[in-house]
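This report concerns only the one structure given below.
Where a number appears in this text, it was derived from the coordinates with a stated rule and is not lab data. Since this is a predicted model, take the numbers as computed values, not measurements. Don't worry about glycine lacking a Cβ; one is built from the backbone with ideal geometry, like all the others, and counts go over all protein chains shown.
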Amino acid sequence: MQGLVEKRASVNGVNLHYVVVGHGPAVLCMHGWPQNHREFFPVIEKLAEHFTFIAPDLRGFADSDKPYTGYEPKTIAQDMIELVRIEGIEQFHVLSHDLGGPPSVALAYMFPDNVLSLSTIETPYFGLDFPGYVDPRVPYWHLSMHMNMDITRMLIEGREEQYLRHFFRDFAYNPSAISEEQVQYYVMQMKQPGNLRASLNHYGYIPQMAEQTAELTKNKLKVPVLAWGGSVSFGDHCYRSADAIAESVVGGVIEDCGHWVFEEKTDFICEALSEFWRKYD
């Protein structure tokens, strides 16, 4: 990608790999499982002329360190604030997807003077309590399975391609949205030594995730939030959860869309993000 610079930085006791590209107000990107910083490329390619993207591989993933501890939302939020400060950035937007969402919420709560806005796309919210709330572990079998990290690792190792292909195909409305080249790239990354074990910690820490989110959300979040879910995936869970914790929320449900919003509905989400970010520059 033209203008993309790959970097490494030591933050909060771990070394993170990340990329920087674009011009304009800063956007920090926080990916989910089983992806990495590359999941934001569809957005970056369309919006890099107007925004500067900082997209790390979160701790436990891809080319970043894979520690045995530190997967709580507050710890990852500290990773992120130290990273953007290394880049000399004091205020920035946050864009998160999937399990990048809970630590992005923590980041907004912990550093409201730095976070201009928060966009949570297809994010599971744990630890909330409002009428109609359903813990994501109830409808999604893999969340509880992945929390049992040793068993999950034993079952997946040697079958990474078959397993990841299931998620990229069956969690999509459009099963061809994730290209074969992308599938193979993510499979290769997951086969790196330590990647499967470390990335599963993002599930193993769901109890701590729920506890910290419940603590943080006792007060309403003042940072403005954009929350979208796919109609055949999280549906209105993302918007309703965000609406329960934040003072200002926009978003809703994206029709004919699954979990992989950036790949499945690129034009829609890019337009929504651009309009939202411009309000809070």
From the square roots a ≥ b ≥ c of the eigenvalues of the alpha-carbon gyration tensor of region 52-113, which class results: rounded (a/c under 1.5), prolate (a/b over b/c), or oblate?
prolate
How much net charge surrounds Cys270 when only other residues with a Cβ under 13 Å from its Cβ are counted (Lys, Arg +1; Asp, Glu -1)?
-4
Ratio to report: Rg/Rh of the chain, with Cα atoms as the point set and Rh obtained by the Kirkwood method; give two decimals.
0.92
Over the chain, the sum of -39500 (n - 2.57) across DSSP H runs of at least four, divided by residue number and rounded to 500 deg cm²/dmol, gives at 222 nm -11500 deg cm²/dmol
Select from Val187, Leu58, Ser248 the residue farthest towards the positive end of the dipole of the chain; place +1 on Cβ of Lys and Arg, -1 on Cβ of Asp and Glu, and compute about the Cα centre.
Leu58
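Rounded, prolate or oblate: which fits region 142-261 when a ≥ b ≥ c are the square roots of the eigenvalues of the alpha-carbon gyration tensor, with rounded for a/c under 1.5 and prolate only if a/b beats b/c?
Here region 142-261 falls in the oblate category.
Round to the nearest 0.05 the FRET efficiency obtained for Asn15 and Tyr185 when R0 = 22 Å and r is the Cβ-Cβ distance.
0.55
Rounded to the nearest 20 Debye, what is the dipole magnitude of region 5-279 about its Cα centre when Lys and Arg each give +1 and Asp and Glu each give -1 at the C-beta? Numbers along the way, then the final one.
Numbers: 22 positive and 36 negative charges, 99 e Å.
It comes to approximately 480 debye.
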Percent of beta bridges antiparallel (DSSP, the chain, rounded to nearest 5)
35
What FRET efficiency comes out for Glu90 versus Ser176 if R0 is 45 angstrom and r is the Cβ-Cβ distance? Round to the nearest 0.05.
0.65
Hey, in the GNM for the chain with a 10 angstrom Cα cutoff, which one of Asn36, Asn201, Asn12 fluctuates hardest?
Asn12
Using the Cα centre as the reference, give the magnitude of the dipole from point charges on the C-beta atoms of region 130-275 (Lys, Arg: +1; Asp, Glu: -1; all else neutral), rounded to the nearest 20 debye.
540
Of the peptides 24-32, 53-61, 182-190, how do they stack up when ordered by the mean number of other Cβ atoms within 10 Å, highest first?
53-61, 24-32, 182-190
